[in-house]
């Protein structure tokens, strides 16, 4: 009795095609996480720098009025940086959401096309 040879290349190709959407999802997720992590790391550096500047103010201020004026200036600068960072984070989130929506729509369309072909 002759049995047909199992075609492993077809199986591998079908597996790659089946898992392609999941692989793309993982790639997009990792990219989003990396971008947010880099933003948070940069902000942590700014917080550290701000803290060090606050400590330096205490030792370099001439008097209480000078200390207060310099602290207000430093706090204002830091607040502007923090506001910019939060706006950047919102922008990153919006961009990531758009990428994920595009991925989802593409995956659904391809799945529906494949299902329609099979039916």
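For the stretch 19-40, which positions are surrounded by 11 or more Cβ atoms within 10 Å (Cβ to Cβ) and under 17 Å from residue 103 (Cα atoms)?
19, 20, 21, 24, 25, 26, 27, 28, 29, 31, 32, 33, listed by residue number.
When the stretch 44-67 is examined, which residues are found to be at pLDDT below 95 and under 20 Å from the mean Cα position of the chain (by Cα)?
Those that are at pLDDT below 95 and under 20 Å from the mean Cα position of the chain (by Cα): none in the stretch 44-67.
Given the criterion free of Cβ contacts under 8 Å to residues at least 40 places away in the same chain, out of contact with any strand residue (DSSP E or B) (no Cβ under 8 Å at 6 or more places or on another chain) and not in a helix (DSSP H, G or I), identify the matching residue among 5, 83, 10.
Details: 83 fails: not in a helix (DSSP H, G or I); 10 fails: not in a helix (DSSP H, G or I).
The match here is 5.
Restricting to the stretch 92-105, name every residue that is surrounded by 11 or more Cβ atoms within 10 Å (Cβ to Cβ) and either in contact with a strand residue (DSSP E or B) (Cβ under 8 Å, 6 or more places away or on another chain) or free of Cβ contacts under 8 Å to residues at least 60 places away in the same chain (or both).
Correct list: 93, 95, 97, 102, 104.
The values are calculated or read from the model by the stated rules, or taken from the named source; none is laboratory data. What you are looking at is a predicted structure, and each value in this text was computed from that prediction instead of being measured. Heads up, the Cβs are rebuilt from the backbone with ideal geometry, glycines too, and the neighbour counts pull from every protein chain shown.
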